[in-house]
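The values are calculated or read from the model by the stated rules, or taken from the named source; none is laboratory data. Predicted, not measured: the structure shown is a model, and the values here were computed from it. Cβ coordinates were reconstructed from backbone atoms using ideal geometry, including for glycine residues, and neighbour counts include every protein chain displayed.
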Amino acid sequence: MTLVTHPVYYHEDGFPPTSIRYEELIPHIGPASAAVARYDGTLAAIPNATVLLSPLITREAVLSSKIEGTQATMGEVLEYDADVKRPDLSQDKIQDIREILNYRIGMQVAKKMLETLPLSLRVIREIHRELLQGVRGHGKSPGELRRIPNWIGPPGCTIDHARFVPISADKLPGALSKWERYIHDETPDLLIQLAILHAEFEALHPFLDGNGRLGRMLIPLFLWQKQLLREPMFYMSAYFEANREDYYDHLLAISRDNDWTGWCKFFLIAIRSQAQENQEKATAILKLYSELKPSLIQLTRSQYAIHALDWMFEKPIFSSRDFIDRARIPGPTARRMLTILKTNGILSEVIKGEGRRAAVYGFPRLLNIAEGSDVF
């Protein structure tokens, strides 16, 4: 007997929700808000968080893209970004890496725009252009709302066998205007508002490609603009990737069962979990930086020790040529520093330099903190 399934269709006239059971969410709102506040306190203690937490930004880009099917690892992305071209790197893998690098660029563009603009569809469309720049989806109207139907399901399935069918293209502009207004509405709780905004964006699926990554990018951008965080640095994809089926099931239940409350509860638990993990990693990175700062000064006996340290945190995989040319350290001093850092086990040689080929170095202690396990 063949099981017949029918797609779930978008919840017409169901946004913004009017049936959220706040009494069920109150036990989760406080702990989630407190966890975000503690993480923000850690960010406040980190000098130049954009530099020191750079590996966490890359890891978020890797995991968010992985949810959409990319296969590149953080190490591969950082090597490629350091202009390391391994001969066994396939064109498909290179495309995966470029998508991940575009995610990072998109966040940088968004941050710059949000310094003078409110979070809006204009900003979202610009991020979308960056996400699809020069990659597989570049032919799918970057920055332009879709004008045709789309649906979510197994690869190659027809709409009749889809899992979910978003709003029709003719109704999309009106629905997005309502979504955009809701960003700036006064609501009982900002984290609940964020949960609703994320879910509604995913349900509308306004672009032909890149909707999942955009929806996850919205999370740190909203937290930053609403002043819950001092930097747009919040990394949710690890939880969504680890709980992928629950993530999609809760989103689907909104349109199928009008279960906004179940989704909001899931989201609050995710926020709390990731705020704790983010705080632990940020604290570990700050501790590593504080530990190495006096050590490098003592080991190198150089006025450029902090330049080298900041370089390693921002670029935990790099070529010797790049370091010598761009780290703002005189060439002979830079070469001597690389030897000292390698000899003392602070850097490891990822690729040995031979002839005209530059050596490639990695910073394993930082990379392992970012990954959450000893993989380097």
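Out of I26, I97, report the one residue that is β-branched (V, I, T), touching a residue at least 12 places away in the same chain (Cβ under 8 Å) and on the phi < 0 side of the Ramachandran plot.
I97
Residue under question is T300, and the condition is that it be under 21 Å from E60 (Cβ atoms), β-branched (V, I, T) and touching a residue at least 40 places away in the same chain (Cβ under 8 Å); does it hold?
When the stated conditions are applied, T300 does not pass them.
Taking into account only those residues within segment 172-186 that are more than 24 Å from Q227 (Cα to Cα) and free of Cβ contacts under 8 Å to residues at least 60 places away in the same chain, which is surrounded by the most Cβ atoms within 10 Å (Cβ to Cβ)?
That would be L172.
Check whether at least one residue in segment 275-296 is touching a Pro at 6+ places or on another chain (Cβ under 9 Å), assigned to a helix (DSSP H, G or I) and aliphatic (A, V, I, L, M), and report yes or no.
yes
Quick test for you: out of L251, L218, L223, L229, pick the one residue that is at pLDDT 95 or above and outside any helix (DSSP H, G or I).
None of the other options fit; the residue is L229.
Return yes when K226 is without any contact (Cβ under 8 Å) to a residue 12 or more places away in the chain and either outside the structural domain of I192 (by TED's automatic domain parsing) or closer than 27 Å to I20 by Cβ (or both) and no when it is not.
So K226 does not fit the description; no.
Being β-branched (V, I, T) and touching a strand residue (DSSP E or B) at 6+ places or on another chain (Cβ under 8 Å) is the requirement here; does V165 meet it?
Answer is yes for this residue.
Quick one: which of R98, R59 is within 17 Å of R136 (Cβ to Cβ) and out of contact with any Lys or Arg (no Cβ under 8 Å at 6 or more places or on another chain)?
R98
Kindly indicate whether any position in segment 144-157 is surrounded by 11 or more Cβ atoms within 10 Å (Cβ to Cβ) and assigned to a helix (DSSP H, G or I). Even if it seems obvious, please write down each step before you answer.
Restricting attention to segment 144-157, the residues satisfying the condition of being surrounded by 11 or more Cβ atoms within 10 Å (Cβ to Cβ) are 144-146, 149-153, 157.
Within this subset, residues satisfying the condition of being assigned to a helix (DSSP H, G or I) are none.
Looking through segment 144-157, none of the residues is surrounded by 11 or more Cβ atoms within 10 Å (Cβ to Cβ) and assigned to a helix (DSSP H, G or I).
Among what's in segment 353-376 and is more than 15 Å from D83 (Cα to Cα) and among the charged types (D, E, K, R), pick the residue that is farthest from the chain's Cα centre (by Cα).
Result: E354.
Conditions first: (1) under 30 Å from K315 (Cα atoms); (2) crowded, with 19+ Cβ neighbours inside 10 Å; (3) in the same structural domain as I26 (by TED's automatic domain parsing). W260 passes all but one, so which condition is the exception?
Of everything listed in (1) under 30 Å from K315 (Cα atoms); (2) crowded, with 19+ Cβ neighbours inside 10 Å; (3) in the same structural domain as I26 (by TED's automatic domain parsing), W260 misses just condition (1).
Residues being of a type in the set (G, A, S) and over 11 Å from the mean Cα position of the chain (by Cα): count how many of those fall in segment 93-113. Quick ask: steps written out before the conclusion?
Going through segment 93-113, the residues of a type in the set (G, A, S) turn out to be 106, 110.
Retained after the next criterion (residues that are over 11 Å from the mean Cα position of the chain (by Cα)): 110.
Here the count works out to 1.
Which one of these does G210 not meet: (1) surrounded by 22 or more Cβ atoms within 10 Å (Cβ to Cβ); (2) at pLDDT 95 or above?
(2)
Restricting attention to segment 178-194, which residues are part of a helix (DSSP H, G or I) and under 17 Å from P31 (Cβ atoms)?
Of everything in segment 178-194, those that are part of a helix (DSSP H, G or I) and under 17 Å from P31 (Cβ atoms) turn out to be L190, L191, I192, L194.
Scan segment 29-54 for residues that are touching a Phe, Trp or Tyr at 6+ places or on another chain (Cβ under 7 Å) and either at positive phi or surrounded by fewer than 17 Cβ atoms within 10 Å (Cβ to Cβ) (or both) and jot them down. It would help to see each step written out before you state the result.
Restricting attention to segment 29-54, the residues satisfying the condition of being touching a Phe, Trp or Tyr at 6+ places or on another chain (Cβ under 7 Å) are 51-52, 54.
V51 - this is the single residue of segment 29-54 that is touching a Phe, Trp or Tyr at 6+ places or on another chain (Cβ under 7 Å) and either at positive phi or surrounded by fewer than 17 Cβ atoms within 10 Å (Cβ to Cβ) (or both).
Residue check: is E245 part of a loop (DSSP other than H, G, I, E, B) and surrounded by fewer than 17 Cβ atoms within 10 Å (Cβ to Cβ)? Break it down into steps so the answer makes sense when it comes.
Values: part of a loop (DSSP other than H, G, I, E, B): no; surrounded by fewer than 17 Cβ atoms within 10 Å (Cβ to Cβ): yes.
Against the criterion (part of a loop (DSSP other than H, G, I, E, B) and surrounded by fewer than 17 Cβ atoms within 10 Å (Cβ to Cβ)), E245 does not qualify.
Restricting attention to segment 323-361, which residues are surrounded by 21 or more Cβ atoms within 10 Å (Cβ to Cβ) and not hydrophobic (A, V, I, L, M, F, W, C)?
Hit for segment 323-361 is Y361, nothing else.
Scan segment 282-309 for residues that are buried (at least 16 other Cβ atoms within 10 Å of the Cβ), closer than 11 Å to I340 by Cβ and more than 27 Å from the chain's Cα centre (by Cα) and jot them down.
L296, L299, T300, S302, A305
Residues to consider are S320, S255, S237, S273; find the one that is in contact with a strand residue (DSSP E or B) (Cβ under 8 Å, 6 or more places away or on another chain), surrounded by 16 or more Cβ atoms within 10 Å (Cβ to Cβ), in contact (Cβ under 8 Å) with a residue 24 or more places away in the chain and assigned by TED's automatic domain parsing to the domain that holds R104.
The unique qualifying residue is S255.
Any residue that is under 19 Å from W224 (Cα atoms), in contact with a helix residue (DSSP H, G or I) (Cβ under 7 Å, 6 or more places away or on another chain) and charged (D, E, K, R) - is there at least one of those in segment 91-111?
Yes: segment 91-111 contains one or more residues that are under 19 Å from W224 (Cα atoms), in contact with a helix residue (DSSP H, G or I) (Cβ under 7 Å, 6 or more places away or on another chain) and charged (D, E, K, R).
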